[in-house]
Amino acid sequence: MGAEILGIDVGGSSVKAALVDVTAGQVKGAMQAVPTPRPSTPAALMSVLKKLADAQTEQAGRIGVTLPSVIKGGVALTAANIDHGWIGTDAAALAAREIGRPVLFLNDADAAGLAEMRWGAGRQCAGVVIMLTFGTGIGTALFSGGRLLPNTELGHMELRGLDAEKRASAQVRTLENLTFEAWSERVNEYLAAMEALFWPDLFVMGGAVSERFAEFAPLLRARARVCPAQFGNQAGVIGAALAASDEQF
């Protein structure tokens, strides 16, 4: 395959796409972003994916696409922050029909983690690394010895009778108008629960809130080292392209 692969990152609020140099881990040119359709049904989202793919006329190979979903064998098994019509949908087969190109689908946090482990904040850590993406929900990717355990979905771990993402996501911080002090206390509770189960060596914090990491980093408490994601909101796009370029994924 060529060095440039199209990566598309489907989020709860927007769909981002860019060509990625998968030998260097760099976005080539400007990244496109369009609103996630409402409702975000398979048909509606596939229309968006096709337009984004068709716009990249110079790149005709395999595409990598993230979804906020458990993905096994190209089939979406859950739907977090997208339409529940995705559950049970063979996304890979649907995309092959609608877009006319092979498309690899993977979990959005897994994609971000792949980018950070290959080229970003986790690249020098051979121990246990947990990637956390704080956005509409909380996405997670778990690595040991550099190898991914796919589809962990630990943002749905229970905290105080709720999914953890219902207490500590970036969206919750915004909706409840929480200060960084108040929000960080919830994040610390979540990190402690993760440490009790997995004993990570490193947490990598991603999502848009990571751009303000310096403001809340002194408030975080964890045994493991905590650092911001290097790629910010590009991580999902870069990781999607990386996964699509790796025929073994």
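The values are calculated or read from the model by the stated rules, or taken from the named source; none is laboratory data. Nothing here was measured: the structure is a model prediction, and the numbers come from that model. Using ideal geometry, Cβ is built from the backbone for each residue, glycine included, and neighbour counts are taken over all protein chains shown. The accessibility values were calculated without ligands, DNA or RNA, using every heavy atom of the protein model including side chains. Shrake-Rupley method; radii C 1.70, N 1.55, O 1.52, S 1.80 Å.
For the chain, DSSP calls about 60 percent of its internal beta bridges antiparallel.
Across every direction, the projection of the convex hull enclosing the Cα atoms of the range 13-88 has a mean area of 5.6 nm². Counting only Cβ charges, +1 for Lys and Arg and -1 for Asp and Glu, the dipole size of the range 100-249 around its Cα centre is about 180 debye. Spatially close Lys pairs in the range 1-140, defined by Cα atoms under 21 Å apart and a spacing of eight or more places or different chains, total 5. Over the range 94-156, accessible surface divided per residue gives 36 Å², non-protein components excluded, 1.4 Å probe.
Packing order of peptides 228-236, 215-223, highest average first: 228-236, 215-223 (average count of other Cβ atoms within 10 Å over each peptide's residues). Dimensions of the chain from C-alpha coordinates, computed as largest minus smallest value along each principal axis and given longest first, are 48, 37, 30 Å. Over the chain, dividing the summed -39,500 (n - 2.57) contributions of all DSSP H runs of at least 4 residues by the number of residues returns a 222 nm mean residue ellipticity of -9000 deg cm²/dmol. The accessible surface of the range 120-239, taken with every protein chain in place and a 1.4 Å probe, is 50 percent carbon and sulfur. The local environment of residue 140, defined by Cβ-Cβ distances under 11 Å, has a net charge of -4 under the rule Lys, Arg +1 and Asp, Glu -1. Equivalent ellipsoid of the range 121-249: semi-axes from √(5λ) of the C-alpha gyration tensor, largest first, are 23, 16, 15 Å. Considering only 149, 208, 219, the residue lying farthest towards the positive end of the dipole of the range 144-249 is 219, judged by Cα position with unit charges set on Cβ.
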